[in-house]
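Laboratory data are not the source of any read-out in this text; all were calculated from the coordinates shown. Note that this is a predicted model, so its numbers are computed, not measured. Here the Cβ positions follow ideal geometry from the backbone for every residue, glycine too, while neighbour counts run over all protein chains shown.
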Amino acid sequence: MPQLNFYKKLESESASFKPPYVIESGQGAYLKINGINKLNFCSSHYLGFAEDQRLKNAVCEAVQKYGVGTGYRTLAGTHTLHLELERAIAKFKGTEAAVIFTSAYMANAAAIQTILGKDDVVISDELNHASIIDAVRLSQVKNKLIYKHTDTNDLEEKLKEASIIIKPDGSKPLMLIVTDGVFSMDGDLAPLPEIVRLAKKYGALTMVDDAHGEGVLGKGGRGIVDHFDLVGEIDIEIGSLSKAFSVIGGFIAGKKTLIDYYNLKARQRLFSIALTIPDTAAALEAVNILLESDAPVKKLWENVNYLQKEFKRLGFDTGNSKTPIIPVMIGDEDKAKEFSAKLFEENVFATPIVFPMVAKGKARIRVIASASHSKNDLSKGIEAFGKIGKQMQII
Ligand SMILES: *Cc1c(COP(=O)(O)O)cnc(C)c1O
């Protein structure tokens, strides 16, 4: 009975499944869990937009006017709000055009699968996000070269290797260098200026996934490409509408010719539904807020700088973070879990990050600051970290 064995195997493998905490509130400075407010130190709603009144109003208005669902973009599903959102994103990123998807996971899949054939070459940072790894698999590209994390000497070695690859028909393959902009476990940045220089030298295309950079880095939160003054120099920019923008969706931004090609060919756009009206209206409002004002980004950075300073003052090691993602290093996996559990008892919600998400012995508590926290909220969090850190002899 193979079916019976199949379910037995599932049962034993899922024995370790622990249901996640259930959130009974919105995603603001606090999360209500089992009726108790816990300080939210772990969500990527960097700008506090998840409960922003302007987004709520935009959604209510759009739903009253247009209802809820849309359709398939290429049939009867391209709504005027979709086009407005795509224009707003392109303006925000400083690119000629943009195309939206229902998630950044989808956008990554579309970005890579649509342009790479099996004989082309992809050159990828070893710590790239799972959605990039899956996108490369989906493209069925055979030549996958992985360079050491943010190591541009190693990247150049891989480019040299790639340069001598010839396709079966004798032509040169496309070479695509792909990297996260901000790495979400450490909060460190891709060395984009050097990546761009090497890409030019070896004739490669560049792709950066800026899911954690938008709304955070650069002028008014324009993202990592703006942060490094490289607007117009990256071929393919991926973004998520679920992190700083607090909604759902993803996009590809770049030259108009490239975006036209994705509009024509991307299977994730042809064979999967478009964003709904409320999602599109909320995301559009979020992008428009940032086009008009950098106040939420300023508030975010005040909080980030305060937290960074306070963690250092207490003697915690916070790694090499350049962003609101603050890895508070613990080391041992069990200690990190214990630390997080103790924080939870103190009504601070910050998740432990352990193997296999990070290397063994590099377990940490990942703290994420946001603009929705007040100074008082942050102090409460810091106080709990200090108390438990001393108790557990980590500081
Ligand atoms: C979160 C994240 C994604 C996935 O974004 P979704 O819009 O939730 O699908 C993709 N890439 C990176 C680097 C991310 O951090």
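Could you go through the stretch 42-49 in sequence order and give the Karplus-derived ³J(HN,Hα) for each residue, using 6.51 cos²θ - 1.76 cosθ + 1.60 with θ = phi - 60°, rounded to whole Hz, and x for Gly and Pro?
9, 9, 8, 7, 3, 9, x, 7
Out of the stretch 58-148, which chymotrypsin sites (Phe, Trp or Tyr not before Pro) are coil in DSSP terms and have no more than 16 other C-beta atoms within 10 Å?
Those that pass, being in a loop and sparsely packed, are Tyr72.
Can you give the local net charge around Asp260? Use residues other than it whose beta-carbon is closer than 13 angstrom to its beta-carbon, Lys and Arg +1, Asp and Glu -1.
Its environment carries a net charge of +2.
For the chain, with a Gaussian network of springs between Cα atoms less than 10 Å apart, report the residue from Ser370, Ser25, Ser242 with the top mean-square fluctuation.
Ser25
Given 0.36 nm per residue, what is the gain on full extension from Phe355 to Leu270 after removing their alpha carbon distance, in nm?
Numbers: separation 85, 0.36 × 85 = 30.60 nm, distance 3.72 nm.
Answer, rounded to one decimal: 26.9 nm.
For the stretch 112-160, which GluC sites (Glu not before Pro) are both in a DSSP coil and crowded by at most 16 other Cβ atoms within 10 Å?
The qualifying sites are Glu126.
By its C-alpha gyration tensor, with a ≥ b ≥ c as the square roots of the eigenvalues, how is the stretch 175-331 shaped: rounded for a/c under 1.5, else prolate for a/b larger than b/c, else oblate? All intermediate terms of the calculation are to be shown ahead of the outcome.
On the way: a/c = 2.02, a/b = 1.34, b/c = 1.51.
It comes out oblate by the Cα gyration axes.
What are the ³J(HN,Hα) values, in whole Hz, obtained from phi via the Karplus relation 6.51 cos²θ - 1.76 cosθ + 1.60 with θ = phi - 60°, for each residue of the stretch 66-80 in sequence order, with x given for Gly and Pro?
Once θ is set to phi - 60°, the couplings for the stretch 66-80 become 10, x, 10, x, 10, x, 7, 3, 7, 9, 10, x, 7, 9, 4 Hz.
What fraction, in whole percent, of alpha-carbon pairs in the stretch 141-195 exceed 16 Å separation?
Value for the stretch 141-195 (Cα pairs over 16 Å): 48 percent.
Straight-line reach from Lys144: which lysines have Cα under 21 Å away, leaving out those fewer than 8 places along the same chain?
Filter leaves Lys118, Lys158, Lys160, Lys167, Lys172, Lys200, Lys201.
With only alpha-carbon pairs counted, each pair once and no self-pairs, how large is the Kirkwood hydrodynamic radius of the chain in angstroms? Don't skip to the end; give the middle numbers.
Numbers: mean 1/r = 0.0447 Å⁻¹.
In the chain this quantity evaluates to 22.3 Å.
Starting from the amide H of Val216, placed 1.01 Å from N in the peptide plane, find each other amide H under 5 Å away whose residue is 5 or more places distant or on another chain.
Gly223
Could you name the aspartates and glutamates whose alpha carbon sits less than 15 Å from that of Lys142, not counting residues in the same chain fewer than 8 places away?
Once the sequence-local aspartates and glutamates are set aside, what remains near Lys142 is Asp119, Asp120, Asp134, Glu161.
Can you say what percent of the DSSP beta bridges in the chain, counting only those with both residues inside, are antiparallel? Round to 5.
In the chain, DSSP labels about 55 percent of beta bridges as antiparallel.
Grab the alpha carbons of the stretch 258-395, take their convex hull, and tell me the volume per residue in Å³. If you can, show how the numbers build up before the last one.
Numbers: hull volume 24.8 nm³, N = 138.
It comes to 180 Å³ per residue, whole-number rounded.
Which cross-chain or sequence-distant (5 or more) residues have an amide H under 5 Å from the amide H of Gly331, H modelled 1.01 Å from N in plane?
Answer set, sorted by chain and number: Ala363, Arg364.
Going by the alpha-carbon gyration tensor, a ≥ b ≥ c the square roots of its eigenvalues, is the stretch 8-135 rounded (a/c under 1.5) or, if a/c is not under 1.5, prolate (a/b greater than b/c) versus oblate?
Numbers: a/c = 1.78, a/b = 1.07, b/c = 1.67.
Oblate shape, in that a/c is at least 1.5 and b/c is the bigger or equal ratio.
How high is the FRET efficiency between Lys380 and Met329 when r is their beta carbon distance and R₀ equals 22 Å, given to the nearest 0.05?
0.55
Which cross-chain or sequence-distant (5 or more) residues have an amide H under 5 Å from the amide H of Tyr147, H modelled 1.01 Å from N in plane?
Ser124, Asp125, Glu126
Between Ile146 and Lys322, what is 0.36 nm times their sequence separation minus the Cα-Cα distance? Round to one decimal in nm.
Working: separation 176, 0.36 × 176 = 63.36 nm, distance 2.36 nm.
Contour length minus Cα-Cα distance gives 61.0 nm.
Can you tell me which of 310-317, 321-328 comes out highest on packing, and rank the rest after it, using the mean Cβ neighbours within 10 Å? Please list the in-between numbers first.
On the way: 310-317: 15.6, 321-328: 23.1.
Packing proxy ranking, top to bottom: 321-328, 310-317.
Quickly estimate the mean residue ellipticity at 222 nm for the chain, helices only: each DSSP H run with n ≥ 4 gives -39500 (n - 2.57), and the total goes over all residues, rounded to 500.
Numbers: 14 runs with 167 residues, N = 395.
Computed mean residue ellipticity for the chain: -13000 deg cm²/dmol.
For the stretch 43-111, what mean projected area does the convex hull of the alpha carbons give, in nm²?
Average of the hull's projected areas for the stretch 43-111 equals 6.1 nm².
For the stretch 103-118, just list the computed ³J(HN,Hα) in residue order, Karplus coefficients 6.51, -1.76 and 1.60, θ = phi - 60°, integers in Hz, with x standing in for Gly and Pro.
Calculated HN-Hα couplings, in order: 6, 6, 4, 5, 4, 4, 4, 5, 4, 8, 4, 5, 10, 9, x, 5 Hz.
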